[in-house]
1. Which fully enclosed strands (runs of 3 or more DSSP E) of the stretch 61-156 have 3 or more residues being crowded, with 16+ Cβ neighbours inside 10 Å and at pLDDT 95 or above?
2. Show the residue pairs meeting these rules: Cβ distance below 6 Å; 6+ apart or different chains; first residue within the stretch 86-100 and farther than 14 Å from Ala58 by Cβ and among the aliphatic types (A, V, I, L, M); second residue open to solvent by 20 Å² or more (accessible area, probe 1.4 Å) and modelled with pLDDT of 95 or more.
3. Can you tell me how many residues within the stretch 48-60 are touching a residue at least 40 places away in the same chain (Cβ under 8 Å) and open to solvent by less than 20 Å² (accessible area, probe 1.4 Å)?
4. What residue, of Asp31, Asp8, Asp37, Asp54, is more than 24 Å from Gly103 (Cα to Cα) and at pLDDT 90 or above?
5. Being among the charged types (D, E, K, R), without any contact (Cβ under 8 Å) to a residue 60 or more places away in the chain and over 18 Å from Val91 (Cβ atoms) is the filter here, so list the residues in the stretch 113-144 that pass it.
Amino acid sequence: MTVIPDLDNAEELQKFLDAIDGPEVLRELLDGPGMDDARIEEFVEAAGPTRILDRVFALMGERFVPERAKDEAGIVQWNVRTPSGVFTYHVEIRDGAAKGERGAYSGANVSLKISVPDLLRVCAGRLNAVTAFTSGKIQLTGDMMFGAKLSGWFDY
């Protein structure tokens with residue numbers, strides 16, 4: 001079982017971040033005792049939002065299943081709310097691959113707004129993206145059809 005590192009120990013935090021290699025580790029983190037939104041946000045702030053989000057969006061490319069997306073292509077922009085503010089990333093899906101990067105993308109097919117705890121839950125498979133959308137935890141603008149297919153293209 002994953003143990004949340006000491007939030008005041010930069011070396012422990014870095015080792016923990018380096019160990020996040022897929023949804024299994026995120027699930028263990030999120031399933032830990034007391035891991036409510038406030039505790040998740042505290043962890044993200046201590047580790048550094050960009051360090052966490054850079055890792056999560058890099059993993060999206062690794063968890064992409066091209067056979068599920070078939071010939072679909074496009075850009076998804078993510079606006080992730082943290083206690084430090086909103087951080088923007090985008091994922092480009094093209095030629096059987098997905099690549100997540102920091103920053104906005106002009107002309108994205110779809111733009112999503114989500115809190116950092118809910119993003120981690122979606123990426124860990126602890127929150128269904130469709131349920132998150134219908135409950136208002138994810139706000140979507142742009143191509144609704146493209147956005148509706150998106151969650152099925154990744155292995156959580």
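The values are calculated or read from the model by the stated rules, or taken from the named source; none is laboratory data. Computed from a predicted structure; not experimentally measured. Note that each Cβ is placed from the backbone with ideal geometry, even for glycine, and that neighbours are counted across all protein chains shown. What goes into the accessible areas is simple: the full protein's heavy atoms, side chains included, and nothing from ligands, DNA or RNA. Shrake-Rupley method; radii C 1.70, N 1.55, O 1.52, S 1.80 Å.
1. Once the strands (runs of 3 or more DSSP E) in the stretch 61-156 are filtered for at least 3 residues that are crowded, with 16+ Cβ neighbours inside 10 Å and at pLDDT 95 or above, what remains is 74-82, 85-94, 110-115, 138-142.
2. Pairs found: Val86/Asn79; Ile93/Ala73.
3. 7
4. Of the residues listed, the single one that is more than 24 Å from Gly103 (Cα to Cα) and at pLDDT 90 or above is Asp37.
5. Filtering the stretch 113-144 down to residues among the charged types (D, E, K, R) leaves 113, 118, 121, 126, 137, 143.
Now narrow it down to the ones that are without any contact (Cβ under 8 Å) to a residue 60 or more places away in the chain: 113, 118, 137.
Hit for the stretch 113-144 is Lys137, nothing else.
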